[in-house]
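Visitor: I have a structure here, written as structure tokens, and I will follow up with some questions on it.
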Amino acid sequence: MYRYDEFDSRLVAERIEQFSDQVARRLDGRLTEDQFKPLRLMNGVYLQLHAYMLRVAIPYGELNAARLRALADIARRYDKGYGHFTTRTNIQFNWPALVDVPHILKDLARVEMHAIQTSGNCIRNVTTDALAGIAADEVEDPRPWCELIRQWSTFHPEFTFLPRKFKIAVIGAPKDRAAMRTHDIGLEIVRDDTGALGFRLFVGGGQGRLPHIASELKSFIPAEELFAWLTATLRVYNRHGRRDNIHKARIKILVASLGLDAFRAEVEEAFAALPKAPLAVPEAEVERIKAYFAPRPYAAAPPRFAAFDRALMTDPAFARWTRNNLRPHKQPGYAAVVISLKPVGGVPGDATAEQMDRVADLAERFSFDQVRVTYEQNLLLPHVAMDDLPELHAALGRAGLAEANAGLAADIISCPGLDYCSLANARSIPVAQALSERLSDPVFQDAVGEVRINISGCINACGHHHVGHIGILGVDKQGEEFYQITLGGSPDETASIGQIVGKGLPGEAVAPAIERVLKAYLARRDAGERFIDTLRRLGADPFKEAIYEAA
Amino acid sequence: MRLLEAGERFGADLPEIGLDELAGSNAIVALRAGGETEAAPILAARERIGRLVVAFSGFKDGRGFSLAAILREGGFQGELIATGDLIPDHAPMLARCGFDAAELPVGASVEDWRRALGSFSAAYQPAADHAATVWARRGAPLKAQVEALNAELRDAPASEIVQAALTRFPGRVAVLSSFGAEAAVGLHLVAEQDASVPVLFLDTDRHFIPTLDYRDQLTERLGLTDVRSLRPVEAETHDPKGDLWRSNPDACCDLRKVKPLASVRPDFDVLITGRKRIHGGTRLRLPPFELVEGQIRVNPLANWSTDEIEAYFDANTLPRHPLTQGGYRSIGCWPCTQPSSEDEDARAGRWKGLDKTECGIHMPSRWVAEEIARRAS
């Protein structure tokens, strides 16, 4: 894991000073609320329905025990004892007082964390694949590049007052486990024919009112030109992106209105004019950062996994959990473990302070002091030895964290919705809870297998409903909550936007309708087909019928 | 970047000269442009534009930053002045994007602007101000950092030296303590600022029992929350009879002190020690900061006298190591430590009778090897 040096620490400390000064100027009126708003947003402070919300960055999703314990401590001391992990691998605290925020930021700084640029019209926290450095299909570990981009984008003098927010994701494998194509800029690490390292550069992805899947802007940019291409792309956006209409201000709209080719021509012209030498990626810095992500001191795999095999034979709950919650690790003898934050009837992505503390303990004991946050709003222990799995499973069970539903129907992605959010039109959490209860039968879930269900409480689509295999969007019709269902979205390398199937359903009708959709899939699937495969083969009609069957 | 008070009205007074009118004239002119203005025509006429005032139309409109950056990269050398709907928090960005001056809005506080301008002492990314990036500064050798620290803090009080180490290298600092005769002073200085800093104790298995008691007593008294006892690895193999100290004290120090300390090297870039010049020997010229094999060693007590140490013990009512009663003025492992008299160096009782003054944990490995070779010859 990356560790701060004196520069990183000093800059974070200086940012806290700066923010404290801004708060003081706001309180005595030297800053108007209008002027203060973008400044507090750039430090992660939102004003929500009932209180301020603080969004803390978890850069590219990486935590260790000390950081997780610090988050638990903040949840306990400044919040109501829990935090909410988001699809962009941040954590949100829903109840801090504004006066406490500088204290919280100081607590975070002590464990090398911050809330810098987690909101506002600037470059946000960089996200990546939760299996970075682990996945066998990886070209190169994307985390050092994420850290490099984190540093490059921090307090960027030119790109801090952009037309709108700007999100970047980096993946290191052809398989996209980070919804890279839903980002303003997406980067996929690739090698060219000569073996040189570089990136496929995608641009213009985004959710919200007008969802777009990112398009490929360049099929290969050499690694050393990364900052020059990012600068050129952001500069075209900063100069020409719309500022008159907040709904049309994202880069996706600029790309769509110019057309991809014209946009590319603009970026190439901007790139040509840039001085390349100062913007060249500093090699020594890349090497310095890479050293922090060296492989862990893994133990050699034993000839057979005695403890693992024994538990597999004797404990059906353990066996089911290993089937659903383990992810392969390229190191023989190890697995990555998804800790589902989706208990039956729970709030997706929420973890209590006690749970965070327990996971911190377990990370220390079983996973080289590493924990990650995933796109699916779960946690992940990246490096667990196979024979430690039975003990880990038992310990997770004691903490209420052994839900064996990772990647299944009840592994629902959801925004906080109208229970917290001032933008929302409808509640998300109760719908997610009802759905997870409805689908709680493990036999049914296992039969259905891999399916992605996403819920957003408004068209801003924080729950990524556009790219859910099944998307649920809360809308407000004359003061009543209704839910539109979309089908066929996908967040991966075959990314697609789901299509609305028809008129919205009242909240209580959502869970039964989704269950019917999944039953329709079971009745029609060919051997080996996942839900999304069957849906793509047959089209939406049979599922649409299932949704409205009862109506 | 200069801060121009609102009354100076740089922008508004400018004649409205369009770029078209520059054609056919040789005059050097001043122009006013909105942040959205295209850069190319300005760059084409750059030789004859002595001053460009860029007006920001709203404090959330960042186009003027890119305009300035593009102009500077394109070779525009005239004066760039920012005006319009600006807030102090824009100041660092304006300066970095190549503005020479900012005209403050009516009613703005110069003081607020000045403070905002100095918000950050470093920047990661390159920009039009050509300031050395953090990346370039990181490349500067550690040696230069240590020299800079010594230049800045050579005569600073110990508490400031400790503070500099803790704040500039947070999370990377540990304290190395022998829990010996004077150890309480350094530990107290650190605990005053942060009792959670890891304290490394080399538990050689050869310590006096009172040292171990004293360790526990000080831990409790100072509220230290992270005292780590580092034990020798595979001592049974390398010292099966437990008498290596008798035949080869260097090898014993290596097994019980140097190697265990080296094993935690990756966790800490900075070690705070309690060494002092009054210890004599190799320590006579000890600076507050030194570089030992890529690790910064901080010696906050380097220039303390015996009297100062005594006074500090008294002022803070710190407990004494029980063996100091018996004339032990520097305390290591029992087989190699004896009392020393007042007319000797404090460390004279260490490896008494041997031509050995250091266990090796504070010296580069090459020095240790050379010392061993020298004594052998």
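Visitor: On the given criteria, is A:Leu217 surrounded by 21 or more Cβ atoms within 10 Å (Cβ to Cβ), in contact with a Lys or Arg (Cβ under 7 Å, 6 or more places away or on another chain) and not in a loop (DSSP other than H, G, I, E, B)?
Guide: Taking the combined requirement at face value, the residue satisfies it.
Visitor: Would you say A:Tyr78 is crowded, with 23+ Cβ neighbours inside 10 Å, away from chain B (no Cβ under 11 Å), aromatic (Phe, Trp, Tyr) and touching a residue at least 12 places away in the same chain (Cβ under 8 Å)?
Guide: When the stated conditions are applied, A:Tyr78 does not pass them.
Visitor: Listed residues A:Ala385, A:Ala351; which is in contact with a Gly (Cβ under 7 Å, 6 or more places away or on another chain), within 30 Å of A:Gly471 (Cα to Cα) and in contact (Cβ under 8 Å) with a residue 60 or more places away in the chain?
Guide: Result: A:Ala351 is the single residue among A:Ala385, A:Ala351 that is in contact with a Gly (Cβ under 7 Å, 6 or more places away or on another chain), within 30 Å of A:Gly471 (Cα to Cα) and in contact (Cβ under 8 Å) with a residue 60 or more places away in the chain.
Visitor: Looking at (1) more than 14 Å from chain B (Cβ to nearest Cβ); (2) crowded, with 23+ Cβ neighbours inside 10 Å; (3) over 19 Å from A:Thr231 (Cβ atoms), which one does A:Pro144 not meet, given that it meets all the others?
Guide: Of (1) more than 14 Å from chain B (Cβ to nearest Cβ); (2) crowded, with 23+ Cβ neighbours inside 10 Å; (3) over 19 Å from A:Thr231 (Cβ atoms), only one is false for A:Pro144: (1).
Visitor: Return the residue satisfying two criteria in turn: it lies in segment A:29-42 and is at the interface with chain B (Cβ under 8 Å from one of its Cβ atoms) and touching a Lys or Arg at 6+ places or on another chain (Cβ under 7 Å), and of such residues it is surrounded by the most Cβ atoms within 10 Å (Cβ to Cβ).
Guide: The extreme case among them is A:Leu31.
Visitor: Let me ask something additional. Keeping to segment B:81-93, report how many residues are facing chain A (nearest Cβ under 7 Å) and among the acidic types (Asp, Glu).
Guide: 1
Visitor: Look at segment A:240-280 and say how many of its residues are within 12 Å of chain B (Cβ to nearest Cβ), of a type in the set (Lys, Arg) and buried (at least 20 other Cβ atoms within 10 Å of the Cβ).
Guide: The number of residues fulfilling the criteria is 1.
Visitor: What is the one condition in (1) part of a helix (DSSP H, G or I); (2) over 26 Å from the mean Cα position of the chain (by Cα) that B:Glu308 does not satisfy?
Guide: (2)
Visitor: Of the residues B:Ser305, B:Ser330, B:Ser340, only one is closer than 23 Å to B:Asp243 by Cα, hydroxyl-bearing (Ser, Thr, Tyr), modelled with pLDDT of 85 or more and assigned by TED's automatic domain parsing to the domain that holds B:Pro287; which?
Guide: Every option except B:Ser330 fails the conditions.
Visitor: Can you give me the ranges of the helices (runs of 4 or more DSSP H) entirely in segment A:222-315 with at least 1 residues that are β-branched (Val, Ile, Thr)?
Guide: Filter on segment A:222-315 gives A:226-240, A:251-258, A:260-273, A:283-291, A:306-314.
One line per residue, one yes/no per condition, for (1) outside any helix (DSSP H, G or I); (2) out of contact with any strand residue (DSSP E or B) (no Cβ under 9 Å at 6 or more places or on another chain); (3) acidic (Asp, Glu); (4) in the same structural domain as A:Glu285 (by TED's automatic domain parsing):
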position	(1), (2), (3), (4)
A:Glu140	yes, no, yes, yes
A:Ile149	no, no, no, yes
A:Trp152	no, no, no, yes
A:Phe159	yes, no, no, yes
A:Val170	yes, no, no, yes
A:Ala173	yes, no, no, yes
A:Arg209	yes, yes, no, yes
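Visitor: For segment B:58-73: of the residues being of a type outside the set (S, T, N, Q) and within 7 Å of chain A (Cβ to nearest Cβ), which is surrounded by the most Cβ atoms within 10 Å (Cβ to Cβ)?
Guide: B:Phe65
Here's the yes/no breakdown for (1) more than 17 Å from A:Ala115 (Cβ to Cβ); (2) facing another protein chain (nearest Cβ under 9 Å); (3) touching a Cys at 6+ places or on another chain (Cβ under 6 Å):
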site: A:Arg3; (1), (2), (3): yes, yes, no
site: A:Arg15; (1), (2), (3): no, yes, no
site: A:Gln22; (1), (2), (3): no, yes, no
site: A:Leu27; (1), (2), (3): yes, no, no
site: A:Tyr46; (1), (2), (3): no, no, no
site: A:Leu54; (1), (2), (3): no, no, no
site: A:Leu63; (1), (2), (3): no, no, no
site: A:Arg69; (1), (2), (3): yes, no, no
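Visitor: Could you please find all residues in segment A:169-200 being in contact (Cβ under 8 Å) with a residue 24 or more places away in the chain, surrounded by fewer than 23 Cβ atoms within 10 Å (Cβ to Cβ) and within 23 Å of A:Glu287 (Cβ to Cβ)?
Guide: A:Ala173, A:Ile189, A:Val190, A:Arg191, A:Asp192, A:Ala196, A:Leu197, A:Gly198
Visitor: Mind telling me which of the residues A:Tyr237, A:Tyr292 ends up being hydroxyl-bearing (Ser, Thr, Tyr) and touching a strand residue (DSSP E or B) at 6+ places or on another chain (Cβ under 8 Å)?
Guide: A:Tyr237
Visitor: So which residues in segment B:94-120 are part of a helix (DSSP H, G or I) and more than 9 Å from every other protein chain (Cβ to nearest Cβ), if there are any at all?
Guide: Across segment B:94-120, the qualifying residues are B:Val110, B:Glu111, B:Trp113, B:Arg114, B:Leu117.
Visitor: Under 7 Å by Cβ, and 6 or more places apart or on different chains, what pairs join a residue from segment B:73-99 that is farther than 16 Å from B:Ala131 by Cβ with one that is of a type in the set (Asp, Glu) and surrounded by fewer than 23 Cβ atoms within 10 Å (Cβ to Cβ)?
Guide: Partner pairs satisfying both residue conditions: B:Glu79/B:Asp100; B:Leu80/B:Asp100; B:Ile81/B:Asp100; B:Pro88/B:Asp112.
Visitor: A further question follows. List the residue pairs whose Cβ atoms are under 7 Å apart, where the first residue sits in segment A:18-39 and is assigned by TED's automatic domain parsing to the domain that holds A:Pro102 and free of Cβ contacts under 8 Å to residues at least 12 places away in the same chain, the second is surrounded by fewer than 17 Cβ atoms within 10 Å (Cβ to Cβ) and among the hydroxyl-bearing types (Ser, Thr, Tyr), and the two are 6 or more positions apart or on different chains.
Guide: A:Arg30/B:Ser109
Visitor: Sort through B:Pro287, B:Pro249 and tell me the only one that's within 27 Å of the chain's Cα centre (by Cα), touching a residue at least 12 places away in the same chain (Cβ under 8 Å) and surrounded by 13 or more Cβ atoms within 10 Å (Cβ to Cβ).
Guide: B:Pro287
Visitor: For segment B:202-222, which residues satisfy the criterion of being closer than 14 Å to B:Ser177 by Cα, in contact with a helix residue (DSSP H, G or I) (Cβ under 6 Å, 6 or more places away or on another chain) and not aliphatic (A, V, I, L, M)?
Guide: Within segment B:202-222, just B:Thr204 meets the criteria.
Visitor: What do you reckon, is B:Ile42 within 26 Å of B:Arg115 (Cα to Cα), more than 10 Å from chain A (Cβ to nearest Cβ) and either of a type outside the set (Gly, Ala, Ser) or buried (at least 24 other Cβ atoms within 10 Å of the Cβ) (or both)?
Guide: Here the answer is no, as B:Ile42 does not meet what is asked.
Visitor: Let me ask something else. When segment A:39-72 is examined, which residues are found to be farther than 22 Å from A:Cys146 by Cα and hydroxyl-bearing (Ser, Thr, Tyr)?
Guide: Hits for segment A:39-72 are A:Tyr46, A:Tyr52.
Visitor: Give the number of residues within segment B:121-137 that are more than 19 Å from A:Lys276 (Cα to Cα) and either of a type outside the set (Ser, Thr, Tyr) or more than 8 Å from chain A (Cβ to nearest Cβ) (or both).
Guide: Matching residues across segment B:121-137 total 2.
Visitor: Ok, one more. Of all residues in segment B:155-196, how many are crowded, with 23+ Cβ neighbours inside 10 Å and within 14 Å of chain A (Cβ to nearest Cβ)?
Guide: Residues in segment B:155-196 being crowded, with 23+ Cβ neighbours inside 10 Å and within 14 Å of chain A (Cβ to nearest Cβ): 2 in total.
Visitor: Could you please find all residues in segment B:194-224 being in contact with a Cys (Cβ under 7 Å, 6 or more places away or on another chain) and without any contact (Cβ under 8 Å) to a residue 12 or more places away in the chain?
Guide: Passing the criteria: none in range.
The values are calculated or read from the model by the stated rules, or taken from the named source; none is laboratory data. The shown structure was predicted, so the numbers you read here are calculated from the model rather than taken from an experiment. Heads up, the Cβs are rebuilt from the backbone with ideal geometry, glycines too, and the neighbour counts pull from every protein chain shown.
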